[in-house]
1. Within the set of pairs 6+ apart or on separate chains, which have a first residue in the stretch 70-89 that is under 15 Å from Arg41 (Cα atoms) and modelled with pLDDT of 95 or more, a second that is charged (D, E, K, R) and open to solvent by less than 40 Å² (accessible area, probe 1.4 Å), and C-beta atoms under 6 Å apart?
2. From the residues in the stretch 75-112 that are of a type outside the set (Phe, Trp, Tyr), closer than 18 Å to Leu125 by Cα and outside any helix (DSSP H, G or I), which one is most open to solvent (accessible area, probe 1.4 Å)?
3. Yes or no: the stretch 25-35 includes at least one residue that is part of a helix (DSSP H, G or I), among the β-branched types (Val, Ile, Thr) and more than 28 Å from Leu128 (Cβ to Cβ).
4. Which number in (1) open to solvent by less than 60 Å² (accessible area, probe 1.4 Å); (2) outside any helix (DSSP H, G or I) marks the one condition that Pro236 misses?
5. With the requirement that a residue be acidic (Asp, Glu) and either outside any helix (DSSP H, G or I) or without any contact (Cβ under 8 Å) to a residue 12 or more places away in the chain (or both), what does the stretch 136-153 give you?
6. Pick from Gly171, Gly143: which is surrounded by 18 or more Cβ atoms within 10 Å (Cβ to Cβ) and either over 25 Å from Leu69 (Cβ atoms) or at pLDDT below 95 (or both)?
7. Consider the stretch 216-226. How many of its residues are of a type outside the set (Asp, Glu) and not in a helix (DSSP H, G or I)?
8. Hey, among the residues in the stretch 184-215 that are surrounded by fewer than 19 Cβ atoms within 10 Å (Cβ to Cβ) and in a helix (DSSP H, G or I), which one's nearest to the chain's Cα centre (by Cα)?
Amino acid sequence: DDAAYYLGRVEELDGKPEAASRWYDKVRGAHALDARIRLTRIEAQGGDLTKARERLRQLRDQNRKQAVLLFLVEAELLAEMGLNPEAMKVYDAALAAYPDDRELLYARGLHGAAMQRLEVVESDLRRLLDLEPDHADALNALGYSLADMSDRYTEALDLIERALALKPDEGAILDSMGWVQYRLGRLESALDYLRQASAKLPDDPEVAAHLGEVLWALDQRDEARQVWDKARAASPEHAYLLRVLDRHHLAPNGSQP
């Protein structure tokens, strides 16, 4: 069983999904569930999403103790394929079956943010914070969403400050702090936090998008273009980064028409 599982991993990493599937299908024992989950991903990526979702439903029936994990896998798979409304339906069903599950609340909250649905973000993350007031990632996600999708900047700042006190070296939280400072018009402070975030997360296109925004606002436009060009070269399809570039009417070569 161990050998079959790891041979499946090798074939999958080598870009041979059919061979990987044959090995995964043989796995029993400790790696069986992970092997089946990997099978669903291969099936979905190969175009058989219906079969993949049916497999996940069967796995949930057979593994009640892992049902939350399997709901998360299905929703994430749908989101990766751009099927955000379908993913939200899975989260809804999961939370109907497992109310107040913290992993599900956090995951649906983040998915709501990806769909620009602030009401979902607030509902789920505030409930999670009721259950776990020092959940730094939830504090950060809610604060960032308020800063990014509303004008409730003071409220956002309070949440992000609480998150940063809990995780002072976390790149994502430093990014959020930089972004809320930018939204409050505190450009020099924003630049300081975003440079720290960029140092910790040098390959994160959203951090680069934010850093470029602040540099642009400070009239440091050559550096802003350099930051954006580097991020776009590494992540040419990143939706948030592309929205920022489009807002500044930047041509594909990074120059302004």
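The values are calculated or read from the model by the stated rules, or taken from the named source; none is laboratory data. Predicted model, so just to flag it, every value in this text is computed and none were measured. Glycine gets a Cβ as well: all are built from the backbone with ideal geometry, and neighbour counts include every protein chain shown. Calculation scope for accessible area: heavy atoms of the full protein, side chains included, ligands and nucleic acids excluded. Shrake-Rupley method; radii C 1.70, N 1.55, O 1.52, S 1.80 Å.
1. As it stands, the answer is Leu70/Arg60, since those pairs meet every condition given.
2. Once the filter is applied, the top-ranked residue is Pro99.
3. no
4. Result: Pro236 passes all but (1).
5. Correct list: Asp151 only.
6. Gly143
7. Of the residues in the stretch 216-226, 2 are of a type outside the set (Asp, Glu) and not in a helix (DSSP H, G or I).
8. Going through the qualifying residues, I end up with Lys200.
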